[in-house]
Amino acid sequence: MSKYPVKNREIMQGSIAVAETIGALEPGVIGVYPITPQTHIVEHLARLVANGAINSRYINADSEFSAASILYGAASAGVRSYSASSSQGLLLMTEVIFNMAGTRLPGVFSAVNRSLSPPINIQVDHQDTMTLRDSGLIQIYVENIQEAVDTHVQIYRIAEDREVLLPAMVCMDGWIISHAYEPVTLWQEDAVKEFAGSYDPPFKVDPRKPLTYGALTDDDKITEFKYMVDSALCRTENKIVQAAELFREEFGNFHGDVVEKYYTDDAKIIIVAMGSVVGTIKEAVDRMRAGGKKVGLLKIRSFRPFPAAAVRELLSGAEMAIVVDRSFSASAGGILGSEIKANLYHQNGPVLFNYIAGIGGRELYPHSIMEIVQESETAFSKDCVPDGAVFFNLNEELL
Amino acid sequence: MKLNIGGITEAGQSKKNLTGSWRYQIPVIDQDKCNGCGICELFCPDSCIDINNGRAVIDDTYCKGCGICVKECSRDAIVMQPEGDG
């Protein structure tokens, strides 16, 4: 018998494992619109509801805009809510997500990362979720199926904390996490529910005591409202750390708090990345370490709130930092790379390399990572560090 | 005063905003022509018109003087009259 509340351990598909976990949490309202590669999650939840396994109210929306709006409505009535989407679907939710963050309504989304159109591509990169980064939304990027499961257990108590009250998104790479099969531990329903706690917001829609949501505000108060969203998201950093620590205590798993470090202590070269590629990078780091290279990995788990202090502390001792970005802001470089760079300004930190790689599912192997490190080291030794981000493995013959 | 999170407030706060002060002209009902059909009541964007005893009555506390009621009245029973110093 495990001392942890294990329900069962089996080889499962990522989407099913996440759906089972949401099922264990039994949110009051599930508002969804299907889109690849997220569909298996909501299909499985529909099955759980139809079979009477869970008591959630399952609402098929007519668009992702409506699906997110259903979460807005549920959260404003004090009901725990859930949705999942990908790619264009997340873009269609964007207006509502800003609205939820501004109105401080903590619905939870699974984002199954997928490239944005055009051209249509259903494979993974991070452009969809990174485009939501300015909304006030909490975003945690996970590395594998078990972390996806465990982060869904953690996320409600973070988002619904009275000092936070913000929408939250667990970002998991399409296919590589959503459709892969791995051995997964699922947790007992009562333990999962107890960990999540209850959602008790300061305001609730109630016909007997009418309230105004979405009121107009002039310039005399708008900055303060925006500041309150900013400071709530900053406060979230501690809540993520606390949830990760408590989860380790009660469930025995730990995937990092706001970041995870892997051989960073004595590393001269630190690779920074998030999502499933982190697993690939760990393998590459092991191989390079075996060859005597002092290389490490900094996994960004919480992209929002941005773990600025941890980034500065962990990168300060390195000579080189290499950010592997799965998204970019056209003309301005990789998004993660730009933010890491901004946080190292005036820090006497490492020389920074930024690679845009793995776009639209272009495969990243351990040898790709080793190639990136080799290329960066050569540029570093020749003192010809690129000014901006570099598109990795760009096929010039097609241009 | 401290701000509520999320800008959530008591309902009915807009009643404090006396929008009638924005007006420079006011609709006046010709009581002989008005038959209380309620078209103006339906179209008023600020719900400032009531039908009372079969006749339209304007709420001048909130009427902004937009003049939509004048356009909509099929009996030409409403005219705009300048107010204040114009």
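The values are calculated or read from the model by the stated rules, or taken from the named source; none is laboratory data. Keep in mind it's a predicted model, so treat the numbers as computed, not measured. Here Cβ is always computed from backbone atoms with ideal geometry, including for glycine, and neighbour counts include all displayed protein chains. Quick note on the areas: whole protein, heavy atoms, side chains included, nothing else; ligands and nucleic acids left out. Shrake-Rupley method; radii C 1.70, N 1.55, O 1.52, S 1.80 Å.
Observations on the structure shown:
- Count of region A:64-77 residues which are open to solvent by 20 Å² or more (accessible area, probe 1.4 Å) and in contact with a helix residue (DSSP H, G or I) (Cβ under 6 Å, 6 or more places away or on another chain): 3
- Restricting region A:210-239 to residues that are over 19 Å from the mean Cα position of the chain (by Cα) and of a type in the set (A, V, I, L, M, F, W, C) leaves a set whose member that is nearest to A:Phe303 (Cα to Cα) is A:Met228.
- Sole residue being acidic (Asp, Glu), surrounded by fewer than 21 Cβ atoms within 10 Å (Cβ to Cβ) and closer than 27 Å to A:Ala273 by Cβ, chosen from A:Glu182, A:Glu163: A:Glu182
- Matching option when the condition is within 14 Å of another protein chain (Cβ to nearest Cβ), closer than 21 Å to A:Ala148 by Cβ, buried (at least 17 other Cβ atoms within 10 Å of the Cβ) and not charged (D, E, K, R), among A:Pro37, A:Pro106, A:Pro5, A:Pro27: A:Pro106
- Of the residues examined, B:Tyr24 is not one that is in contact with a Leu (Cβ under 8 Å, 6 or more places away or on another chain), over 30 Å from A:Phe98 (Cα atoms) and not β-branched (Val, Ile, Thr).
Quick grid of which residues meet (1) touching a Leu at 6+ places or on another chain (Cβ under 9 Å); (2) in the same structural domain as A:His367 (by TED's automatic domain parsing):
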| position | (1), (2) |
| --- | --- |
| A:Phe225 | yes, no |
| A:Met228 | yes, no |
| A:Thr236 | yes, no |
| A:Asp266 | no, yes |
| A:Ile271 | yes, yes |
| A:Val285 | yes, yes |
| A:Met288 | no, yes |
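- Residues (away from every other protein chain (no Cβ under 14 Å) and touching a residue at least 40 places away in the same chain (Cβ under 8 Å)) located in region B:1-30: B:Leu18, B:Gly20, B:Trp22, B:Arg23, B:Tyr24, B:Gln25, B:Ile26, B:Pro27, B:Val28, B:Ile29, B:Asp30
- Only one of A:Asn144, A:Asn121 that is away from chain B (no Cβ under 14 Å) and farther than 30 Å from A:Lys3 by Cα: A:Asn121
- Annotation note: of A:Thr223, A:Thr212, the sole residue that is open to solvent by less than 80 Å² (accessible area, probe 1.4 Å), farther than 30 Å from A:Gln123 by Cα and without any contact (Cβ under 8 Å) to a residue 60 or more places away in the chain is A:Thr212.
- Counting only strands (runs of 3 or more DSSP E) wholly contained in region A:196-312, no element carries 1 or more residues that are at pLDDT 95 or above and within 14 Å of another protein chain (Cβ to nearest Cβ).
- Yes/no for A:Glu43 being at pLDDT 95 or above and closer than 15 Å to A:Ala148 by Cβ: no
- Any hit, region A:244-254, residues being within 18 Å of A:Arg312 (Cα to Cα) and touching a residue at least 60 places away in the same chain (Cβ under 8 Å): no
One line per residue, one yes/no per condition, for (1) out of contact with any helix residue (DSSP H, G or I) (no Cβ under 6 Å at 6 or more places or on another chain); (2) closer than 28 Å to A:Val192 by Cβ; (3) open to solvent by 50 Å² or more (accessible area, probe 1.4 Å):
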| residue | (1), (2), (3) |
| --- | --- |
| A:Leu216 | yes, no, yes |
| A:Asp230 | yes, no, yes |
| A:Leu233 | yes, yes, no |
| A:Thr236 | yes, yes, no |
| A:Ala243 | no, yes, no |
| A:Gly252 | yes, yes, no |
| A:Thr264 | no, no, no |
| A:Ala267 | yes, no, no |
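- Beta carbons closer than 8 Å, at least 6 apart along the sequence or on distinct chains, pair a first residue in region A:365-388 that is farther than 21 Å from A:Ser338 by Cβ with a second that is surrounded by 15 or more Cβ atoms within 10 Å (Cβ to Cβ) and small (Gly, Ala, Ser) for A:Pro366/A:Ala284; A:His367/A:Ala284; A:Ser368/A:Ala357; A:Met370/A:Ala284.
- A single entry from A:Gly388, A:Gly334 fulfils the requirement of being at pLDDT 95 or above and either buried (at least 22 other Cβ atoms within 10 Å of the Cβ) or farther than 30 Å from A:Asn238 by Cα (or both): A:Gly334.
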